[in-house]
Amino acid sequence: VQLQASGGGLVQAGGSLRLSCAASGSIFSINYMGWYRQAPGNQRELVAIIGSNGNTNYADSVKGRFTISMDNAKKAVYLQMNSLKPEDTAVYYCRINTVKYTGWGQGTQVTVSS
C-alpha cells in the first residue's frame, strides 16, 4: 500500500490550502483515513480523522477552520484548511487504517507566514 500526499505549500495567514492523499495497492475495507502534523521540535499530533461511515474527529485547534472528507471509491482523503495561522506550520502526514494495514504517507510541508 502506498499513500501519495500533495497540496502543501506556502500561504499567508488567513489563507487556504487543500491537501489530498490517495492510497494505492491492495486495499480492503478502509476503517479510517486521517491527517496528522508535526512541527519542528514537537511530536506528531492528530489533525483530523474520518471513518468509512463518515464520522469525523478534529483537534480542538482546527475545529471550525479545517474540514476533512473522504472519497471511498478513490481511496482518497482530503483536508480543506481555511483561516490558516502561523501555528499551523508543520509537515502534514496522511494515514490509513484498514482491516489488514495501517500506514503513513510521505509528508507534505505547510508553511503559513504571518
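The values are calculated or read from the model by the stated rules, or taken from the named source; none is laboratory data. This one's a predicted model, so the numbers in the text were calculated from it and none came from an experiment. For neighbour counting, all protein chains shown are included, and Cβ atoms are generated from backbone atoms with ideal geometry for every residue, glycine included. Just so you know, the surface numbers come from the protein's heavy atoms only, side chains and all, with ligands and any DNA or RNA stripped out. Shrake-Rupley method; radii C 1.70, N 1.55, O 1.52, S 1.80 Å.
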Inset, instruction - Give the residue, chosen from 85, 100, that is under 19 Å from residue 18 (Cβ atoms) and either surrounded by 14 or more Cβ atoms within 10 Å (Cβ to Cβ) or not acidic (Asp, Glu) (or both). - result: 85
Legend entry - Count of the range 70-114 residues which are out of contact with any Ser or Thr (no Cβ under 9 Å at 6 or more places or on another chain), closer than 15 Å to residue 34 by Cα and of a type in the set (S, T, N, Q): 3
Legend entry - Members of the range 1-18 that are open to solvent by less than 50 Å² (accessible area, probe 1.4 Å) and closer than 16 Å to residue 106 by Cα: 3, 5, 7, 8, 9
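May I ask you to list the residues in the range 103-114 that are open to solvent by 70 Å² or more (accessible area, probe 1.4 Å) and farther than 16 Å from residue 46 by Cα?
114
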Inset, instruction - Give me a count of the residues in the range 63-86 that are modelled with pLDDT of 95 or more, under 29 Å from residue 25 (Cβ atoms) and not aromatic (Phe, Trp, Tyr). - result: 9
Inset, instruction - Can you run down the residue pairs with Cβ atoms below 8 Å, 6 or more apart or on separate chains, where the first is in the range 15-27 and among the charged types (D, E, K, R) and the partner is not in a strand (DSSP E or B)? - result: 18/7
